[in-house]
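The values are calculated or read from the model by the stated rules, or taken from the named source; none is laboratory data. Not measured: the values here are computed from a predicted model.
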Amino acid sequence: MPNVRFVPILTLALGMLAGCAERSAEPAMTPAADRTTPAPATSDPPPALPSPSPATATTPPATTPAAADAAAQNRVQGRYSYLTDEMSLDMIGPRVCFHPDAASAKTLPQRDGATGRMVWFCFEDSEAVARTLGFELKPPADGCGLEGQASVTVTGYRFGAPNSDETDSARLVSVERAEPPKPVRCAQ
């Protein structure tokens, strides 16, 4: 019988590796001392900037593309999981996470330049999400966590901080369909 626990750990490891590859492609930061050039000493005040006339004044857009993506609601289908093995708790804590299927993952905001990145996120209010999905945030009597298939709507999608173990996150808006949680078998 295949080891069911292997898939969530592999998913988590692949997501972390994708993040490492993404971080290695980022340019190195220049130390602040190398970027700062002292201003020349002068007694003249800097020139005043012209005030925009009402005819040329522009109003900044209400949202940027990133803000618009974060504010959007996305309906996604896939697998929810709450993993309670030691490694999962060390990496993501007691959180309910979601692994959208390939088609749903394409509807979520994408990090610039992160093609081929495995998309998954954890819910911001895991206790409320767990109750909505029919379980509590406590280790199950059998197994190393709980998982199930669901179709949910999320909003407020945020990327985890680059160069960190922080996961992407989103807020649950609604659950359209969810199967009851099933125990995740522990790795042998």
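Could you say which residue among Arg117, Arg185 is within 17 Å of Tyr80 (Cα to Cα) and modelled with pLDDT under 95?
Values: Arg117 fails: within 17 Å of Tyr80 (Cα to Cα).
After applying the criteria, what remains is Arg185.
Identify, by number, the condition in (1) of a type outside the set (Gly, Ala, Ser); (2) within 18 Å of Ala72 (Cα to Cα); (3) at pLDDT below 90 that Thr153 doesn't meet.
All conditions are met except number (3).
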